[in-house]
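Enquirer: Can you keep this structure in mind? I'll have questions shortly.
Please treat every number below as a calculation from the coordinates, not as lab data. These numbers were taken from a predicted model, which means no experiment stands behind them. FYI the Cβ positions are ideal-geometry reconstructions off the backbone, even for glycines, and counts take in every protein chain you see.
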Amino acid sequence: MIPSSFIQSLGSTAECIHCELSTLETYAGDKWFARSLPEAVALPHNEEEVSAILKAAHAYGIPVTPRGAGMGYVGGCVPVCGGIVLSTERMNRILEVNPADGVVVVEPGVITADLQAACEQLGWFYPPDPASRKDSSIGGNIATNAGGPRCLKYGVTRSYVLGLRVVLADGRTLIAGGRTHKNKQGFDLAGLFCGSEGMLGIITQATLRIIPAPQARMALHASFPAFELAASAVQRVLQAGHLPCALEIADAYTLTAARKHLRTNVLPADAQGHLIVEIDGRRDALRSELKEIASLLRENSGDSTVYPAYTEEEVERIWELRRGFSESLKATGLTKLNEDIVVPRSQLVNFVNFCASLRTESGIPIACFGHAGDGNIHTNIMVPRDENGNERRADAEALLPRVFDFVLSHGGAITGEHGIGIAKAPWFPQAVGTTSLSVHAALKSALDPTGILNQGKIMGSRQI
């Protein structure tokens, strides 16, 4: 139980603390299946209130679980040790959009799509584009170093973080970086918090880099009679000197589900692989570049079917198809174990073939689709049901170590976007190695000596 003296010590900030059951249940989980009730929820309006809450929690030894919009898939904001969930959702102001300096200044609760829209109104561009951008917040994007399809050309969230204000576990405020695009004043402390998953501090303000918006975008999608041909086409496009902003791939299982659910006739019945390519830049140059890429895909496989998209509406229809892949897998009625592994691009075919062999051996469907340009493939192990309709979840989860072993042994990473959280904590030591693990622990101890921030995650996994 949180002592009443803790609440009293907060003074007027105590108004941010909520203990009613309905609120506790709302903040008990994220998009992963795990849930755990906190003892209280803090909804601060500003940095001063965040600081007061952490200072008191530090003094009382009360666990604090930071939370953005709760859109994660690894249990990163599940309060496994009780205590307080501290959500920054009410800190949602865009403080400045400054094209002259090429920066925006925002509070952590700003929704990613809202920031992008504010920039677009001025002809500027904030490129990071996680699939959840209409719901996810900037603070959560930074804490997980969120990515998205445009990473190939524009990079992940970390590439756009110039400066941060962060409240540390003891309530002190750290100012890291600034608003200049070059800054070599000491260690890269701002970068340290990108991907830190709420383990080191709570972000209260971010200064982000923005760039001039591209004049136009065009795209194409193509189906191939073999997945290997789709994967080799990725290499061929890049080797020819093209740098698309997105290069997406899908395997045969995903395509079969999409044909059934979306009732589309643009995915041939015999397609075993599928590519989406998007380019952006000056409108006059894009049409000829898209034709060059289309020619490359046809040369790579004479049987490939290529559909170009020259207008914004046509491009959006292609992305509606891509967004439909995940929904199509859900429509199978099977629960998805959605893993966001990363392999070197040269290992794409080997990895998908490995998943196909697991599928044959186990009888458990596995769907692979995602960001071929950077090797970040969403690997969906589809939990089957027995003859009585009960989920064979244990059988599906037994495949995870084998998938992760393959990925790590081929130079990959067990997560490219979602983070470690609870879901992947058992594999974290294997993924980073002994020395790296000790450095993580040392940094955690230095910034959070009493260990109140996001207990039970990453290094100190606590299953629930």
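Enquirer: Mind checking the alpha-carbon convex hull of region 407-458 and giving the volume per residue in Å³?
Expert: Residue-normalised Cα hull volume stands at 86 Å³.
Enquirer: OK, next. Based on other C-beta atoms within 10 Å, arrange E312, E248 from fewest to most.
Expert: Numbers: E312 11, E248 25.
Arranged by neighbour count, lowest to highest, E312, E248 become E312, E248.
Enquirer: Can you tell me the 0 to 90 degree angle between the C-alpha axis of helix 227-239 and the longest principal axis of the chain, rounded to 10?
Expert: Helix 227-239 and the main axis of the chain meet at about 80 degrees.
Enquirer: Extension gain V266-K184, at 0.36 nm per residue separation less the Cα-Cα distance, in nm?
Expert: That pair, V266 and K184, stretches by 24.5 nm at full extension.
Enquirer: With label points built 7 Å along Cα→Cβ from the Cα atoms of K330 and R90, find their separation and express it in nm.
Expert: Placing both labels 7 Å beyond Cα along the Cβ direction yields 3.0 nm.
Enquirer: Specify the inter-centroid distance of region 173-200 and region 1-70, based on alpha-carbon positions, in whole Å.
Expert: One Cα centre to the other: 25 Å.
Enquirer: Still on this structure, please answer the following. Distance from the Cα centre of region 340-373 to that of region 215-252, in angstrom?
Expert: Taking the Cα centre of region 215-252 as reference, the centre of region 340-373 is 17 Å away.
Enquirer: Could you work out the helix-only [θ] at 222 nm for the chain, with each DSSP H run of four or more residues adding -39,500 (n - 2.57) and the total divided by the number of residues, to the nearest 500 deg cm²/dmol?
Expert: Details: 16 runs with 161 residues, N = 464.
Roughly -10000 deg cm²/dmol at 222 nm, from the helical runs in the chain.
Enquirer: With everything on Cα atoms, drop me the angle between helix 400-409 and the longest principal axis of the chain, reported from 0 to 90° to the nearest 10.
Expert: Between helix and principal axis, roughly 80 degrees.
Enquirer: With 10 angstrom as the radius, rank M459, M199, M71 by how many other C-beta atoms surround their C-beta, starting from the fewest.
Expert: In increasing order of surrounding Cβ atoms, one gets M459, M71, M199.
Enquirer: By how many nm would the segment from E25 to E316 lengthen if fully extended, with 0.36 nm per residue of separation less the alpha-carbon distance? Please report the intermediate quantities before stating the final value.
Expert: Values: separation 291, 0.36 × 291 = 104.76 nm, distance 3.66 nm.
Residue separation times 0.36 nm, minus the Cα-Cα distance, leaves 101.1 nm.
Enquirer: Let me ask another. What order do you get for 132-139, 203-210, 189-196, 429-436 when each peptide is scored by the mean count of other beta carbon atoms within 10 Å, highest first?
Expert: With the highest mean Cβ count within 10 Å placed first, the list reads 203-210, 132-139, 189-196, 429-436.
Enquirer: Based on a Kirkwood Rh over C-alpha pairs, give the Stokes-Einstein translational diffusion coefficient of region 319-464 at 37 °C and viscosity 0.692 mPa s in µm²/s.
Expert: Rounded, D is 196 µm²/s.
Enquirer: Let me ask you something else. For region 345-361, take each phi angle, set θ = phi - 60°, evaluate the Karplus expression 6.51 cos²θ - 1.76 cosθ + 1.60, and give the result in whole Hz per residue in order, putting x for glycine and proline.
Expert: Once rounded to whole Hz, the list reads 3, 5, 9, 4, 5, 4, 5, 5, 5, 4, 5, 5, 5, 5, 4, 5, 5.
Enquirer: Mind computing the radius of gyration and Dmax over the alpha-carbon atoms of region 4-89? Å is fine for both.
Expert: Rg and Dmax of region 4-89, Cα atoms, are 12.2, 36 Å.
Enquirer: Between M91 and residues 5 or more places away or on another chain, which pairs have amide H atoms under 5 Å apart, with H built 1.01 Å from N, and which residues are they?
Expert: The answer is G109.
Enquirer: While we're on this one: Under the definition of Cα pairs under 8 Å and six or more residues apart, what whole-number percent is the relative contact order of region 160-286?
Expert: 27 percent
Enquirer: Tell me the Kirkwood hydrodynamic radius of region 1-159 in angstroms, computed as one over the mean inverse distance between distinct C-alpha pairs. Kindly include the intermediate steps, with their values, before the conclusion.
Expert: On the way: mean 1/r = 0.0599 Å⁻¹.
Kirkwood hydrodynamic radius for region 1-159: 16.7 Å.
Enquirer: Using square roots of five times the C-alpha gyration tensor eigenvalues, list the equivalent-ellipsoid semi-axes of region 372-423 in whole Å, biggest first.
Expert: Sorted largest first and rounded, they come to 26, 12, 11 Å.
Enquirer: Stick to Cα atoms and the Kirkwood definition of Rh, then tell me Rg/Rh for region 245-335.
Expert: Rg/Rh: 0.99.
Enquirer: Given C-alpha coordinates of the chain, what is the ratio Rg to Rh with the Kirkwood estimate of Rh? The partial results should precede the final answer.
Expert: Numbers: Rg = 22.9 Å, Rh = 23.3 Å.
That ratio is 0.98, to two decimals.
Enquirer: Once you compute Rg and the Kirkwood Rh from C-alpha atoms, what is the Rg to Rh ratio for region 163-254?
Expert: On the Cα set of region 163-254, Rg over Rh gives 1.18.
Enquirer: How do T332, T65, T311, T254 rank when sorted from fewest to most other Cβ atoms within 10 Å of their own Cβ?
Expert: In increasing order of surrounding Cβ atoms, one gets T311, T332, T254, T65.
Enquirer: In terms of the ratio Rg/(2.2 N^0.38 Å) built on C-alpha atoms, what value belongs to region 150-204?
Expert: Dividing the Cα radius of gyration by 2.2 N^0.38 Å gives 1.19.
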